[in-house]
Amino acid sequence: MTRSWSGPAPETAEALMRSRFTAFRDGDAAWLLDSWHPSTRPTSLDLTDNPVWRGLQVVDVVGGGPEDDAGIVEFRATYVLPSGGVEVMHERSRFVREDGRWYYVAPAE
């Protein structure tokens with residue numbers, strides 16, 4: 001399923017992270033690319049082998065509020081393996097806000 005994000009623009013880094021999880025879950029490559037910062041954005045995104053995403057748990061948020069220009073969101077996302085098992089992706093992600101809009105940058109170091 002391909003679509004473009006139709007909700008309101010996320011006002012925080014956490015809200016953008018949640019919208020990106022939804023986009024991964026729904027196979028919305030257009031929103032993933034659109035919400036990716038141009039400095040790190042790939043030219044295309046192939047979600048052919050995208051796993052079945054089950055849930056998102058936000059573990060920690062540093063900055064990333066409506067008045068901030070940067071933030072970090074730590075999360076755990078669960079997905080189902082083809083064998084039926086469940087795995088967890090754990091990442092601390094960096095976000096920046098430019099011209100009033102939040103973008104995903106990359107995993108935090």
Enumeration of residues in segment 13-43 that are farther than 16 Å from A106 by Cα and of a type in the set (S, T, Y): T22
Condition broken by L32, with the remaining ones in (1) over 12 Å from the mean Cα position of the chain (by Cα); (2) closer than 19 Å to G7 by Cα satisfied: (1)
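Every number in this text was worked out from the coordinates using simple rules, so none of it is lab data. No experiment lies behind these values; they were computed from the predicted model shown.
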